[in-house]
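Enquirer: The following block contains the structure, expressed as structure tokens.
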Amino acid sequence: MPADAVIEARAARKVFRTGQQTVVALNDVSIAIRKGEFFTLLGPSGCGKTTLLRLIAGFETPSSGQILLNGNDITDAPPNLRPVNTVFQSYALFPHLTVRQNVGFGLQMQGVAASEITDKVKRALSLVRLEDLADRKPQQLSGGQQQRVALARALAPSPEVLLLDEPLSALDLKLRKEMQSELKRLQHELGITFIFVTHDQEEALTMSDRIGVMSKGSLLQIGAPREIYNHPVNRFVADFIGETNLIPAEVRNAKATIVRNVSIPVDPASPEGAHTLAVRPEHVRIVPVSGDVPLTAKVGESVYFGTDSHIQLLLADGTEIIARHQNEATGGEVPPPGTEVGVAFAPGAVQVLED
Amino acid sequence: MSTGETKEARRDARNTWLLSAPALIILTLAAAGPLLIMLVYSFLEPGKYGNVVWEFSTGAWVSTVLTRDIFDGTYHLADAHLTIFWRSVKLSLITTIFTFIVGFPTAWFIATRSARARTALLFLITIPFWTNLLIRTFAINQIIRNEGMLNTFLLYLGVIDEPILIIYSDFAVFLGMTYVYLPLMVLPLFAAIDRFDMRLIEAAYDLYASRLQVLRRVILPIVKPGIIAGSILVFIPALGAYVTPRILGGGRNMMIGNFIELQFGQGRNWPLGAALSVLLLMIVAIALMFYVRAANRDAPHG
Ligand SMILES: Nc1ncnc2c1ncn2[C@@H]1O[C@H](COP(=O)(O)OP(=O)(O)OP(=O)(O)O)[C@@H](O)[C@H]1O
Ligand SMILES: [Mg+2]
């Protein structure tokens, strides 16, 4: 086991049976989450993110495999005996209690002395800047405020690990951005391990120390945002994180053949054979046609995005590539549709995918 | 505010009253009328062969709780009446508590089934309402009387040598009332539990609450409106129960309802019957006031 892992899943598998159907929600997932990191589980709807979180919280027991906390097996421990708290997507605030009582609930259940509860609740409320609303009932709060109560309630008992299941998905864009930086700030200040679930790749990239990308119950790749963005292991990750051009190619001897007789250099460690190349739009350059540039394309539609434009390029065999073109104040012109241009890739930008 | 607006508001108010007038009149006549008659009768003299004599008297009210010694004319507490009051209140309370203890898990079970099973189960709960109360109560009588099904069966098995004496006891009345009023507890509890957000259980469990604490600190306080409604729906009719104590309690184990009936029948003391009825109403009203106030002390707002 990695020495600094606070939570570890070992070949955790979860199978749900509903009638005749069986759903493999988690397919032997192994993961070690480091103490104090902001870890994000990222993946499309139904890929098993919530299920993994529920195994860690203790609401479900795995069909097979283990969950460990600081090296101790807690697979069968009930949620109330785990120093792990959850911020639920639906907030799940207690409607019969005030904000203050909601935040103090965990401490009260732990049997903490009343005076200490008062102190800790006050601190938790000031962390999320809700001191003024302490005596309201949850129904009297806005969505964003309820969200912060849920956060304060989960933080008040000082858990070792905080689980957040898409806590921001119900908020509008502006509030969402605000809460994102708020969460980052809290995580820095408190040094608590955060396991954060989202299906928003931008949110994952901006907030996380590390990201685990999931699909169909499996963990496909774990790594820092930069690593996942620049070196996706497969088609799914490349496509899910950011925008990517996927180009079929034949790889041999550190060269990838894209269209007839045109090949470009790739990492010599790349796998050989028929593979897909991944190139980010910002790494595609439009250059004048010349002998030095083997690859040419016809300019198609372009879409204006404000700071930049996306330009469609059609290769000789019909493959479509998108290039991102920075719009400069001086007006770096976008070539008109139909123009024949040369296409170049930034050095090291072409990634050969395993599948 | 301009005069035009006030005029309009006044006309709206008048129309509202006019429109609700028929309903209000019927309500007044149907609800307040009989009560008023009761109140008036309770301050009159009893006639020799029933009915009332139109002469003001507080005699009926005095005799609800006191009896006059026929020799020296002094007043004593009417033990027989108080016993009946006490039995009524006690049996109704026990019935309410017991229907809650049985009804809560039942309602919880129903509320946590699939939509289809739920409809079927609720339907089953209402089946007893299809038959007349009298017939159902006689059916219970059939089961628990000394030569009834229960005793015959137990004797046949050899579990007992002599019939167990259940019928014509407070216990029999309690049993009958629990059976009769159970659906009235289950239905409002079901409605409350159905609205309960089950995710709160996980939230509480996640915040270090034990199973018992989840029940006491989260579930019960939130479904409290259902508990209050169910308790009221059981306690009030139980307190005034007539058929059940009559058939299962025999003549000796009377409740207020039977005692009142007695005054209008063989007792030929209509004013006393009327005074007892009003007294019953007051007991219920006071009990309700206390109960609702106590229950609402920390109920959720809104
Ligand atoms: N209690 C359950 N019974 C049956 N199937 C379930 C249950 N819970 C989850 N599943 C199935 O397991 C799979 C994973 O579900 P999960 O809730 O973990 O997805 P998710 O990644 O959190 O999705 P989302 O982003 O939509 O929340 C889904 O196919 C889902 O239908
Ligand atoms: Mg989910």
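What follows draws every value from the coordinates through simple rules; no lab data is involved. These numbers were taken from a predicted model, which means no experiment stands behind them. Because the Cβ atoms are built from the backbone with ideal geometry, glycine has one as well, and the counts that use them run over all protein chains shown.
Enquirer: Determine which residues of region A:183-201 fall in the zone a paramagnetic label at A:E160 would reach in this model, i.e. backbone nitrogen under 16 Å from the point 7 Å along Cα→Cβ.
Expert: Label zone hits: A:191-195.
Enquirer: Take the Cα atoms of region B:143-188, find their three principal axes, and give me the spread along each one in whole Å, biggest first.
Expert: The principal-axis extents, from largest down, are 42, 20, 13 Å.
Enquirer: Mind checking which aspartates and glutamates have their C-alpha under 13 Å from A:K298, skipping anything on the same chain fewer than 8 residues away?
Expert: Within reach: A:D317, A:E320, A:E340.
Enquirer: Something else about it: Hey, can you grab everything whose amide H is under 5 Å from the amide H of A:S218? Only 5+ residues off in sequence or another chain; H modelled, so Pro and N-termini drop out.
Expert: Residues meeting the amide H criterion: A:N27.
Enquirer: Pull up all non-local amide H partners of A:G300: gap of 5 or more, or a different chain, and H-to-H distance under 5 Å with H placed in the peptide plane.
Expert: Long-range HN contacts for A:G300: A:Q312, A:L313, A:L314, A:G338.
Enquirer: Pairs of Cα atoms under 8 Å, at least six residues apart: use those to get the relative contact order of region A:96-228, whole percent.
Expert: Rounded, it is 19 percent for region A:96-228.
Enquirer: Mind grabbing the base-10 log of I(q)/I(0) for region B:79-296 at q = 0.08, 0.09 Å⁻¹? Debye formula, identical points on the C-alpha positions, no solvent, two decimal places.
Expert: Calculated log10 I(q)/I(0) at the listed q: -0.37, -0.46.
Enquirer: Distance between Cα centroids, region A:252-314 to region A:20-43: provide it in whole Å.
Expert: Result: 34 Å between the Cα centres.
Enquirer: As a test of the formula, what do you get for the protein assembly as shown when each DSSP H run with n ≥ 4 contributes -39,500 (n - 2.57) and the sum is divided by the residue count, at 222 nm and rounded to the nearest 500 deg cm²/dmol?
Expert: Only helices count here, giving -14000 deg cm²/dmol.
Enquirer: A further question on this structure: What lysines could a cross-link reach from B:K224, if we take a straight Cα to Cα line under 20 Å and drop same-chain neighbours fewer than 8 places away?
Expert: A:K137
Enquirer: Further question: Calculate, in whole percent, how much of the Cα-Cα pair population of the protein assembly as shown lies beyond 46 Å.
Expert: Considering the protein assembly as shown, 49 percent of its Cα-Cα pairs are separated by more than 46 Å.
Enquirer: Under the definition of Cα pairs under 8 Å and six or more residues apart, what whole-number percent is the relative contact order of region B:79-296?
Expert: The value is 28 percent.
Enquirer: OK, next. Could you tell me the relative contact order of chain A? Use alpha-carbon pairs under 8 Å, at least six residues apart, and round to a whole percent.
Expert: Averaging sequence separation for qualifying contacts and normalising by length gives 15 percent for chain A.
Enquirer: Spelling out what I want: for every residue of region A:198-207, take phi, set θ = phi - 60°, compute 6.51 cos²θ - 1.76 cosθ + 1.60 (Karplus), and round to whole Hz; glycine and proline get x.
Expert: Computed from phi, the couplings for region A:198-207 are 7, 10, 9, 5, 5, 4, 4, 5, 6, 9 Hz.
Enquirer: Tell me, what does the Kirkwood hydrodynamic radius of region A:243-353 come to in angstroms if you use every pair of distinct C-alpha atoms?
Expert: Here the Kirkwood hydrodynamic radius works out to 14.4 Å.
Enquirer: Still on this model: Could you calculate the FRET efficiency of A:T118 with B:L77 from 1/(1 + (r/R0)^6), where r is the beta carbon distance between them and R0 is 60 Å, rounded to 0.05?
Expert: It comes to 0.70.
Enquirer: Something else: Computed FRET efficiency, Cβ-Cβ of A:Q66 and A:R136, R0 51 Å: what is it to the nearest 0.05?
Expert: Result of the calculation: an efficiency of 0.75.
Enquirer: Another question, then. If neighbour count is taken as other Cβ atoms inside 10 Å, put A:K216, A:K14 in order from fewest to most.
Expert: In order of increasing Cβ crowding within 10 Å: A:K216, A:K14.
Enquirer: Additional query: Compute the distance from the alpha-carbon center of region B:34-74 to that of region A:204-218, in whole Å.
Expert: Value for the Cα centre distance between the two parts: 84 Å.
Enquirer: Here's something else I'd like to know. Provide Rg and Dmax in Å for chain A, with only Cα atoms included in the calculation.
Expert: Considering chain A through its Cα atoms, Rg and Dmax are 24.7, 80 Å.
Enquirer: OK, next. Given the options A:A269, A:I286, A:P337, identify the residue whose Cα lies farthest towards the positive end of the charge dipole of region A:243-353 (+1 on Cβ of Lys, Arg; -1 on Cβ of Asp, Glu).
Expert: So the residue furthest toward the plus end is A:A269.
Enquirer: Other chains near A:144-156: what is the mean number of their Cβ atoms within 10 Å of each residue's Cβ?
Expert: Taking all residues of A:144-156 together, the mean is 1.
Enquirer: I'd like the Kirkwood hydrodynamic radius of region B:1-158, using the inverse of the mean 1/r over distinct C-alpha pairs, in Å.
Expert: Kirkwood radius, region B:1-158: 23.3 Å.
Enquirer: Given a Förster distance of 30 angstrom, what is the FRET efficiency for B:R14 paired with B:L36, based on the Cβ-Cβ distance and rounded to 0.05?
Expert: Once the sixth-power term is evaluated, E becomes 0.60.
Enquirer: Give the cross-link partners of A:K177 among the aspartates and glutamates, using a straight C-alpha distance below 16 Å as the criterion and excluding same-chain residues fewer than 8 apart.
Expert: Qualifying aspartates and glutamates at Cα under 16 Å: A:E166, A:D200, A:E202, A:E203.
Enquirer: Amide H neighbours of A:R34 under 5 Å, at least 5 residues apart or on other chains, H built in the peptide plane: list them.
Expert: Distant-sequence amide H within range of A:R34: A:V6.
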